[in-house]
Amino acid sequence: MKKLLFTLSIITFFWAIPTLAVKVSSLYQADMPVATQLEDARSEAVRQGFIHILVKLSGNPDIAENPLIKENVKKAEYYVQEYSYAQPTTTSSMYMLQIRYDKDDINNLLRKAGVVYWGETRPLVLVWVTVADGTEAPEIIGSEEADEWYDTFRQQGKKYGLPLIFPVMDVTDINKVSPHDVNTMNITTLKQAGMRYSPDALLIGKIEKDKNGGWKGQWRLILDENQWDWRITGNDMDMLLGDTLNQVSHTLSKQLVVKNPGAPVSWVKLQVSHVTRGDDLDQLMQFLRQLSPVQQVELSQVDGDVVELAVQVHGNLATFQQNVNIGQRLEFKSLDKQMNKLVYEWKR
């Protein structure tokens with residue numbers, strides 16, 4: 001059982017170091033445990049994996065309630081491109097059914113169902129989180145530790161298509177951040193310490209044992225100027241982190257996908273300066289093409305280190321600008337209203 005309390009507030013929050021947002025390559029793949037290789041077990045796993053894929057793409061945990069989606073779950077095997085089995089291990093008696101679904105067929109289904117979906121380019125989320133089990137002082141989860149919480153975070157992040165990164169908690173991190181800073185959600189300290197990881201978003205959490213033996217988490221997600229706070233409880237680790245990252249995925253997708261599948265398509269003019277190196281232009285074009293609202297990118301003009309482009313965008317300008325912020329490769333400079341043009345500087 002879980003309880004979820006949601007609040008929304010706005011803060012000013014900027015990152016200084018540029019990075020390329022993460023391209024998630026496993027969005028159309030599901031790894032499903034099965035007891036046998038018999039057809040009945042495989043068919044059920046294919047159906048469940050199909051739903052997992054659609055949740056990852058849409059960020060909507062209730063997508064299976066869509067009438068067209070519900071009908072197609074029954075024939076999920078049509079969407080399978082290939083599958084294979086991984087043998088049981090010394091730690092598990094289950095086979096792992098690895099299923100890859102056809103990207104084009106899945107995307108066509110989502111469009112027909114009127115479901116907006118999230119692209120493969122997603123914000124890199126830096127996780128600052130402490131865990132206190134009631135017997136020891138709170139500790140920050142780091143990426144260099146063999147920790148059950150860390151492993152479960154990674155598994156649940158993969159399930160929801162979220163690229164997560166954790167601090168290494170080396171001498172540099174330890175000197176800058178204490179568990180108290182995480183527990184009190186000291187944004188200034190965590191932002192400064194996190195600059196070395198160049199994230200697009202912050203997820204800050206405080207996990208504690210509750211009086212019933214379960215777990216409770218207090219969370220704060222920060223993306224650009226937006227902040228969301230939740231309190232989530234779960235009977236066990238998997239439930240707590242699953243519900244938390246489901247909420248993170250749903251929240252980020254609502255911010256970054258086109259809200260209305262019937263939204264108009266329009267052209268946006270971009271002027272980008274500081275395009276100086278030989279591969280800068282190719283990287284700029286690739287970066288823009290990976291953004292969810294972008295349909296097409298055309299080069300209009302090159303003048304020294306300044307390039308002008310025409311970008312075909314699905315949805316409104318605000319959604320496009322929100323997506324451009326991912327990865328901090330383009331720093332907004334101005335809006336030329338007379339020329340109807342957005343002006344940016346390219347960041348390596």
| said: Being touching a residue at least 24 places away in the same chain (Cβ under 8 Å) and of a type outside the set (S, T, N, Q) is the filter here; which residues of segment 53-66 pass it? | reply: I53, L54, V55, K56, L57, G59, P61, I63
| query | When segment 308-341 is examined, which residues are found to be under 28 Å from P163 (Cβ atoms) and part of a strand (DSSP E or B)? | reply | L309, V311, Q312, V313, H314, L330, E331, F332, K333
| task | State whether the residues of segment 314-329 include one that is modelled with pLDDT of 85 or more, surrounded by 14 or more Cβ atoms within 10 Å (Cβ to Cβ) and within 22 Å of Q255 (Cα to Cα). | result | no
| task | For segment 114-128, state whether one or more residues are more than 26 Å from Q290 (Cα to Cα), assigned by TED's automatic domain parsing to the domain that holds T244, modelled with pLDDT of 95 or more and within 20 Å of the chain's Cα centre (by Cα). | result | yes
| Could you count how many residues in segment 277-307 are in a loop (DSSP other than H, G, I, E, B), modelled with pLDDT of 85 or more and surrounded by 12 or more Cβ atoms within 10 Å (Cβ to Cβ)? | 1
| Failed criterion for I106 (all others in (1) buried (at least 17 other Cβ atoms within 10 Å of the Cβ); (2) assigned by TED's automatic domain parsing to the domain that holds N246; (3) within 30 Å of A76 (Cα to Cα) hold) | (2)
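The values are calculated or read from the model by the stated rules, or taken from the named source; none is laboratory data. Given the structure is predicted, the values throughout are model-derived calculations rather than measurements. In this analysis, Cβ positions are derived from the backbone assuming ideal geometry, glycine residues included, and neighbour counts consider all displayed protein chains.
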